[in-house]
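J.: Before we start, here is the structure in question, set down as structure tokens.
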Amino acid sequence: MSEPSVLERLRLSGSGGAALRVRFIGVLAFQVLLIVVFTALNPRFIGWDNAQSILFTAAILAMAAAGQTLVVLTGNLDLSVGSIMGLCAYVVFDVTSQAPWLAGLTVPFAVALGAVLGLANGLLVTYLKIPSMVATLGTLSVYRGLVSFYANAMEVTSGELPQWMRTLATVRWLGLSSYVWIAVLVVVLVGLALSLLPWGRKLYALGSNARAAYYYGLNENGILVGAYVAAGGIAGFVGLLLGAQVGNINSLLASGIEMQVLAAVVIGGVSIWGGSGSVYGAALGAIVLATINNGLVLLGVQEFYRLLIQGLAIVAAVAVDALVQKRVLTATRRRVILEVAA
Amino acid sequence: MTAEVTASAGVPRLSVQGISKSFEAIHALRDVSFDLAPGEIHALVGENGAGKSTLVGVITGLLQADHGHVLLNGTDVRFHNPLEARTKGVAAVFQDPNLFPHLSIAENIVTGAYPRKGPLLDLAAMRGLARTKLEQLGFDLDPDRLVAELTVAEAQFVEIARAVEPGLQLLILDEPTSALTPSEAGRLYTMVEALKAAGTTVVWISHRMDEIRRLADTITVLRDGQHVVTAPASELGDDDMIKAMVGRSVALQRVPRTEELGPVRLRVRDLNLAGTFADISFDVAEGEIVAIAGLVGSGRSEIQQAVFGLSPEVTGTIEVDGEAVRPDSPAVMARKGVVYLPEDRDAEGIISSMSITANIALPSIRSLSKAGFMAPRKERALAAGQREALSIKGEISALVSSLSGGNRQKVALARWLATNPRVLLLDEPTHGIDVGTKVQVHDMMRRLARQQRMAILMVSSDLPEVLAVSDRVLVIRRGRLAATIDIEDATQENIMAAATAGRVEEGTK
């Protein structure tokens, strides 16, 4: 017997690692391409004012995508994100308008309410073993139904909000909207939690190989419920910010946003099979989506083109991930090896 | 090596006492008892299905025994999961890799026991820990590399590095060298000997005589879920070991073939699949049953799957009735009259939530439909005919999930037979089936070959079955055709010897 040649070795080794490493760069390249194309088509695209506008649009999406990333990393979905945002915003606004002395607690209240809704999602997925797509499709309706029932076709107007929240969306710090800075803070905090907390690493481990996670003694249900609770809490907070930006809100706030959020996450390179990607990629995905929106509006293109391009971007991103995933999985396959000829 | 283990004199490191474990009607382990001494290398051998993996599962807490005890250093232990076993110093490296491919080597090694600085991960300590472990074991790997970019051997080193901890009492390695080159295996031998010197007991599951001879202090043989012998390696020769492995008690009768073989139906030449098998050439004639024997993981099932078009990247030539065909997909092969019955019939062979009729009609839908619509009467007639021919128990409207294993297998077979195939590929056709049904399946195979003139290529781990039904035996060892044995000369011993590269004296029967 002799040693296999270098070429043979290469064929035997998993080639998914390199692909994982360049995935983020691919999104970045796509964003640069978008900027170049839009600028070429309409020179007004490039400039500080328009960049600010894109980042402002991306801010809400990037924060919601940060929460969604936690769930998608485990190989699951949270389709109820828009309903959680709407429910939390409406309930918190309504309560504060009736009890102004609670105004100082709006943020913790929204986060806690969102976390409770996320907990319900997590329990459905773990203990009742309902596939996450179905469980959160159900709660998408349930939560929206609850807020409609609660709102009883009424609106909460911005006049009833505490003063600081009414103006928050228009405040600028260092030349950028406060929302952009808050989004940066949220994304970085989630990013740090993912890389520095043991829980964050376990999310990746669970999404990468659930069977191995069992052998390693990881508490699968606990980790997953944690992901849903955190995602719900973030959604509650983002809902509050979105409500403050919109002003007069009704029970339909943020309905349908889950598609945008998921689009940002998968375009940003978080694998829909779980285990890889980052919250920074998801934020970049949000910027890509905002850029597409903004550029097409500047070009005076109709809405359905935007949907078309957004849809193609999602499919292309997941197609790339599917190729990467196939290669990555060679590392978990049964070991079969050929005896090298003498 | 940091593993320093204290041993009290006379007490076995691990004592397996009267362990039994059944999966439904199958007895995977029956009253197995033996001892492992402290600081020895203990080879655990046996055929496929002898119960080795089940035993490892029971010891490490992956499975719960129905009866019996496991004593670690004289204390009764019953682990509920592999992690609990690890905390008591019992670790196993399984044949199937259990790693996180998207994560780095360092993370894979520390997952579950992260080094912390307050509530945060200590990334530097994590890397340092991983590097130290890898260096101690003599593995030269960068802890920052992702597991997805490792070779199978490197991935296995990562698993071993993860398993080895200070105070390790028992390390179980399940066919650890099956994916290693000779020099990599050599490094593993050195590592295992160092562990032994430090007092760790190592269970080495292997089929390779050379390494068992080189490493093992003691050898235990399992057969059909039962303990056969535990003896010092010096007292158990290769012949005795192979005899102990293969001496199955089941009596299956050969039925000599009176019909002549016809022309070659399936011709395979120079079949190659990178990293899995190479230079595979053979013929199967009309009316002939050819068995592929070999160990699990030798590539034998993969050869059959490649012939059925499940590995489009395979190279080489395949001819069916003299006509060349590229095995690009199962659809292509099925059109040529080649059909395949997978080993895991519940997952791949049948659709258990559908009726017997629907299952049998599935591959024949085109010929059963009229102007694009299904013709239920024709479907039922086809199913009733097959049910009769194969003596399937159960109404044709019954769901397949309500049938026994043997009858499910018959349904899986019936659905292909309804298409009048020319070449039949069977992977472990009677795996998990009771002896009575097994004999029926064998009769059916003989009839299909001899009367209906099909060419049958069967993969089987069941040596009595191989001897009872086949006309010729191809033995695969590590992806290569190690021997072709005519049925007149075949014995369980010489097949096993060819599969494991052990030496058996001529004339051993």
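The values are calculated or read from the model by the stated rules, or taken from the named source; none is laboratory data. Remember, predicted model here, so these are calculated numbers, not experimental data. Cβ sites come from the backbone with ideal geometry, for glycine too, and all protein chains shown count toward neighbours. In case anyone asks, the SASA skips ligands and DNA or RNA and just uses the protein heavy atoms, side chains included. Shrake-Rupley method; radii C 1.70, N 1.55, O 1.52, S 1.80 Å.
J.: Could you point to the residue in A:Ala183, B:Leu448, B:Ile289 farthest towards the positive end of the protein assembly as shown's charge dipole, with +1 and -1 charges on the Cβ of Lys/Arg and Asp/Glu respectively?
T.: Farthest along the dipole direction, towards plus: A:Ala183.
J.: Now for a separate question. Please give the helix A:279-298 orientation as an angle from the longest Cα principal axis of chain A, in degrees from 0 to 90, rounded to the nearest 10.
T.: Between the helix axis and the principal axis of chain A, the angle is about 60 degrees.
J.: Quick one: plug the Kirkwood hydrodynamic radius of the stretch A:28-96 (C-alpha pairs) into Stokes-Einstein at 25 °C, 0.890 mPa s, and report D in µm²/s. Write down the numbers at each step before the final one.
T.: Numbers: Rh = 14.9 Å.
Rounded, D is 164 µm²/s.
J.: Let me ask you something else. Return the FRET efficiency for the residue pair B:Ser369, A:Asn221: r is the Cβ-Cβ distance, R0 is 30 Å, and the value is rounded to the nearest 0.05.
T.: Taking R0 as 30 Å, the efficiency between B:Ser369 and A:Asn221 is 0.05.
J.: Compute, for the protein assembly as shown, the length of the dipole vector about the Cα centre, with Cβ point charges of +1 (Lys, Arg) and -1 (Asp, Glu) only. Units Debye, rounded to 20.
T.: Dipole size: approximately 1840 debye.
J.: Which one, B:Thr315, A:Leu28, B:Ser15, projects farthest toward the positive side of the charge dipole computed for the protein assembly as shown from Cβ point charges (K/R +1, D/E -1)?
T.: A:Leu28
J.: Nearest 0.05, what FRET efficiency do A:Ala51 and A:Ser195 give at R0 = 35 Å with Cβ-Cβ as r?
T.: 0.80
J.: Now for a separate question. Evaluate peptide A:198-207: per residue, the Cβ atoms of other protein chains within 10 Å of its Cβ; return the mean as an integer. The partial results should precede the final answer.
T.: Values: counts 10, 3, 2, 9, 3, 0, 5, 8, 1, 3.
The per-residue average across the peptide is 4.
J.: Between A:Val22 and A:Leu299, what FRET efficiency comes out of the Förster formula 1/(1 + (r/R0)^6) with R0 = 41 Å and r the beta carbon distance, rounded to 0.05?
T.: 0.85
J.: Given the whole protein assembly as supplied and a 1.4 Å probe, what does the accessible area of B:Asp140 come to in Å², nearest 10?
T.: 140
J.: Within 10 Å, count the other beta carbons around each residue, average over each peptide in B:297-305, A:96-104, and list them highest first.
T.: In decreasing order of mean packing, B:297-305, A:96-104 become B:297-305, A:96-104.
J.: For the pairing of chain B with chain A, what total accessible surface becomes buried, with a 1.4 angstrom probe, in square angstrom to the nearest 100?
T.: Values: alone 22250 and 17220 Å², together 34580 Å².
Protein heavy atoms only, the B-A interface buries about 4900 Å².
J.: Within 10 Å of each Cβ of B:102-112, how many other protein chain Cβ atoms are there on average?
T.: 6
J.: While we're here: Please report the antiparallel percentage of DSSP beta bridges with both residues in the protein assembly as shown, rounded to the nearest 5.
T.: Given both bridge residues lie in the protein assembly as shown, the antiparallel proportion sits at roughly 60 percent.
J.: At each listed q (0.15, 0.26, 0.30 Å⁻¹), what is the log10 of I(q)/I(0) that the Debye formula gives for the stretch B:86-139 modelled as equal alpha-carbon point scatterers?
T.: So the normalised log intensities are -0.50, -1.21, -1.24.
J.: Using DSSP to call loops (not H, G, I, E or B), can you name the GluC sites (Glu not before Pro) in the stretch B:5-112 whose Cβ has at most 16 other Cβ atoms within 10 angstrom?
T.: The qualifying sites are B:Glu24.
J.: Arrange the peptides B:385-395, B:357-367 so that the one whose residues have, on average, the most other Cβ atoms within 10 Å appears first.
T.: With the highest mean Cβ count within 10 Å placed first, the list reads B:357-367, B:385-395.
J.: Nearest-5 percent of antiparallel DSSP beta bridges in the stretch B:14-246?
T.: 60
J.: So what's Rg/Rh here for the stretch B:14-246, counting alpha carbon atoms and using the Kirkwood radius for Rh?
T.: Answer for the stretch B:14-246: 0.98.
J.: Next question. Positive end of the charge dipole of chain B (Lys, Arg +1 and Asp, Glu -1 on Cβ, about the Cα centre): tell me which of B:Ala381, B:Ala179, B:Gly138 has its Cα farthest that way.
T.: B:Ala381
J.: Report B:Glu259's accessible area, 1.4 Å probe, all protein chains in place, as a number in Å² to the nearest 10.
T.: Using a 1.4 Å probe on the heavy atoms, I get roughly 50 Å².
J.: Continuing with this model, one more query. In whole angstrom, how long is each semi-axis of the equivalent ellipsoid of the protein assembly as shown, when you take the square root of 5 times every eigenvalue of its Cα gyration tensor and sort them from largest down? Write down the numbers at each step before the final one.
T.: Working: eigenvalues 613, 246, 131 Å².
They are 55, 35, 26 Å, listed from largest to smallest.
J.: OK, next. Under the rule of -39500 (n - 2.57) per DSSP H run of 4 or more residues, summed and divided by the residues of chain A, what mean residue ellipticity at 222 nm is obtained, to the nearest 500 deg cm²/dmol?
T.: So the calculated ellipticity at 222 nm is -24000 deg cm²/dmol.
J.: If you don't mind, another one. Once you charge only the Cβ atoms, +1 for Lys and Arg and -1 for Asp and Glu, what is the size of the charge dipole of the stretch B:72-148 about its Cα centre, to the nearest 20 debye?
T.: Working: 9 positive and 9 negative charges, 49 e Å.
Magnitude of the dipole: close to 240 debye.
J.: While we're here: Per residue, how many Å² of accessible area does chain A show with a 1.4 Å probe?
T.: Working: 14710 Å² over 342 residues.
Solvent-accessible surface per residue comes out at 43 Å².
J.: Once both labels are modelled 7 Å past Cα along the beta-carbon direction, what's the A:Ala112-A:Met133 spacing in nm?
T.: Each label point lies 7 Å from its Cα, and together they span 3.6 nm.
J.: Among residues other than A:Gln68 whose Cβ falls under 15 Å from its Cβ, what is the net charge (Lys/Arg +1, Asp/Glu -1)?
T.: -2
J.: To continue, here is another question. From the P(r) of chain A, could you give the percentage of C-alpha pairs in the tail past 36 Å?
T.: Counting every Cα pair in chain A, those more than 36 Å apart make up 25 percent.
J.: Sticking with this one: Run the Debye formula on the Cα coordinates of the stretch B:247-364, all scatterers equal and no solvent, and tell me log10 I(q)/I(0) at q = 0.17, 0.18, 0.20 1/Å.
T.: -1.03, -1.11, -1.22
J.: First compute the accessible area of chain B with a 1.4 Å probe, then give the percent of it belonging to carbon and sulfur atoms.
T.: 50
J.: Given chain B, report the % of alpha carbon pairs whose separation exceeds 41 Å.
T.: 28
J.: Something else now. For chain B, what is the accessible area per residue in Å² when the probe is 1.4 Å?
T.: Heavy-atom accessible area per residue stands at 39 Å².
J.: Could I ask something else about it? Any idea how far apart B:Asp96 and B:Ala194 come out in nm if each label point goes 7 Å out from Cα toward Cβ?
T.: 3.1
J.: Let me ask something additional. For the pair B:Thr317/B:Ala389, report the inter-label distance in nm, with labels modelled 7 Å from Cα in the Cβ direction.
T.: It is 3.3 nm.
J.: Over all directions, how big on average is the projection of the convex hull of the alpha-carbon atoms in the stretch B:349-420, in square nanometres?
T.: In nm², the orientation-averaged hull projection of the stretch B:349-420 is 4.2.
J.: Can you give the % of DSSP beta bridges in chain B that are antiparallel, to the nearest 5?
T.: Around 55 percent antiparallel, to the nearest 5.
J.: For B:Ser353 and B:Glu235, calculate 0.36 nm times their separation in residues minus their Cα-Cα distance, and state this gained length in nm to one decimal. Kindly include the intermediate steps, with their values, before the conclusion.
T.: Values: separation 118, 0.36 × 118 = 42.48 nm, distance 5.33 nm.
The span from B:Ser353 to B:Glu235 would gain 37.1 nm if fully extended.
J.: A further question on this structure: If I compute solvent accessible area with a 1.4 Å probe over the protein chains, what percent of it on the stretch A:6-332 is carbon and sulfur?
T.: Percent of accessible area from carbon and sulfur atoms in the stretch A:6-332: 72.
J.: I'd like the mean, over residues of B:91-100, of how many other protein chain beta carbons sit within 10 Å of each residue's own Cβ.
T.: Average neighbour count from other chains, rounded to a whole number: 5.
J.: Given +1 on the Cβ of Lys and Arg, -1 on the Cβ of Asp and Glu, and no further charges, what dipole in debye does chain B carry about its Cα centre, rounded to the nearest 20? Before the final figure, lay out each step's value.
T.: Working: 54 positive and 65 negative charges, 335 e Å.
Value, rounded to 20: 1600 debye.
J.: Kindly identify residues of the stretch B:273-289 having a loss of at least 20 Å² in accessible area between the isolated chain and the assembly of all protein chains, probe radius 1.4 Å.
T.: At a threshold of 20 Å² (probe 1.4 Å), the residues of the stretch B:273-289 that become less exposed are B:Ala274, B:Gly275, B:Thr276.
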